[in-house]
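Down below is the structure, laid out as structure tokens.
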Amino acid sequence: MPRVVGVVGKPNVGKSTFFSAATLAHVPIANYPFTTIKPNIGMGYVRTHCVCREFNVTDNPGNSTCVNGIRLIPVEIVDCAGLVPGAWQGRGLGNQFLDEIRQADALIHVVDASGSTDSEGKPCDPGTHDPREDVRFLEHELDMWLLQIVKKEWDRAVRRVEGAKEDLTPILEEKLSGLGIKKDHIIRARAKTGLNFERPGSWSDDQILRFVSELRKPLLIAANKMDVSPAEKNLETLGGLGHMVVPCCAEAELALRRAAEKEILSYLPGDSNFKIAENRQLTPEQVNALTRIREKVLLPLGSTGVQDALSLAFFKLLQMIAVYPVEDPEKLTDHKGRILPDAYLVPYGTTAKEFAGTIHSDLAAGFLYATEVRSKMRVADDYVLKDNDVISIVSAKRHA
Ligand SMILES: Nc1nc2c(ncn2[C@@H]2O[C@H](COP(=O)(O)OP(=O)(O)OP(=O)(O)O)[C@@H](O)[C@H]2O)c(=O)[nH]1
Ligand SMILES: [Mg+2]
């Protein structure tokens, strides 16, 4: 199962443009609210240095591909319908939106940094809407949505804990597992808030709200429309809200990727430049558009930001690492003889045995030992994986 990221935000900020640029899927994009009604789901990639160069091998494609030493690991991207204030009460396409993000590991909150869309997503003059409002509003919607779910049958949960002496954690776990919220999240939120789990009846409404806001999916901000002034000014203020902020121009990324697809130019997502294909005659409009992208986006920002937002969501926000499983620690092959075909994204802290379990439950059940290929050391089930580890698992039941 690939990791999942949800692209969220109010209407008309560029979510579908971001999605389309990241997946190359053709989806409706237009300058009015609620262009997207049903979610779009597609495959995008996170980008990392592949280990093939270090091991001096040419790898074969498997669950991921390597392009010139850069490994592209697939992740599922969900482009959601726009969210408007009151969505948690079902306003706009509210409930449907909130349903779409249940399985997401993380959220990319696309914000119109140029301030040219109002709080409902209608076009307005650039700079007339403060994008910080959109950040607070989305957090509020997510919190209220969760609060509503937690508060449903809260009194019953209190009686089960304070009367029947049941444990609150599994009660919450059961209630929230359908939203992708797991035991770990609940334990972390408990530690963070210091709330008394033996006496939930004593929690005030504010305390319940604080608790659910700790359960919110991790998110980063993609400050989009950076090509439109005064986005650069707003970018600074967006930085003060306690989130990671990645400046973006989804429109530029989409144009570059479509041009690369047609072999007009060579460009890999995340690159800081592009190269026009030799013998390619461009129209004056194409030259103008590409010059604008270079001057307004790539030079000032270093990249279009779309790839950075995706990669940072997994590597920084979720603190994931890339791990390469192989069967043969000498040849670096899998059971089909393919060299380094697969790369998995797993959270930092994952052990060798847990990693075996993400590949196949049999592999974990029969776990004997693993070889950390770089050092050729045998490691036990509790070995904590490092980024870019190549690992060969020996199991009584199956090989990887
Ligand atoms: N200038 C500029 N315009 C952009 C950028 N990204 C998207 N847009 C434009 O913003 C408008 C809305 O884009 P969409 O991708 O349809 O926005 P959305 O957030 O999916 O909108 P809904 O589906 O209605 O919620 C379109 O006119 C896009 O061309 C960007 O980076 N810069
Ligand atoms: Mg859309």
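Couple of notes before you dig in:
- Residue match in region 350-364 (condition: part of a loop (DSSP other than H, G, I, E, B) and at positive phi): no
- Number of positions in region 310-350 that are of a type in the set (S, T, N, Q) and over 24 Å from residue 76 (Cα atoms): 1
- The residues of region 161-206 that are within 16 Å of residue 148 (Cα to Cα), assigned to a loop (DSSP other than H, G, I, E, B) and without any contact (Cβ under 8 Å) to a residue 12 or more places away in the chain, listed by number, are 203, 204.
- Among the residues of region 246-273, those identified as buried (at least 22 other Cβ atoms within 10 Å of the Cβ) and in a strand (DSSP E or B) are 246, 247.
- Pairs where the first residue, in region 366-393, is on the phi > 0 side of the Ramachandran plot and the second is of a type in the set (A, V, I, L, M), C-beta under 7 Å, 6+ apart: 388/51; 388/322
- Members of region 332-349 found to be outside any strand (DSSP E or B) and either hydrophobic (A, V, I, L, M, F, W, C) or under 20 Å from the mean Cα position of the chain (by Cα) (or both), listed by number: 332, 340, 342, 343, 348, 349
- Some residue of region 109-127 being farther than 29 Å from residue 150 by Cβ, among the acidic types (Asp, Glu), within 16 Å of ligand 1 (Cβ to nearest atom) and surrounded by 14 or more Cβ atoms within 10 Å (Cβ to Cβ): yes
- Residues satisfying the stated conditions in region 90-108, i.e. among the charged types (D, E, K, R) and buried (at least 18 other Cβ atoms within 10 Å of the Cβ): 100, 105
- Test: residue 22 is among the aliphatic types (A, V, I, L, M), touching a Leu at 6+ places or on another chain (Cβ under 8 Å) and modelled with pLDDT under 95: no
The values are calculated or read from the model by the stated rules, or taken from the named source; none is laboratory data. What you see is a predicted model, and the numbers here were worked out from it, not measured in a lab. Reconstructed Cβ throughout: ideal geometry from the backbone, glycine too, with neighbour counts over all protein chains shown.
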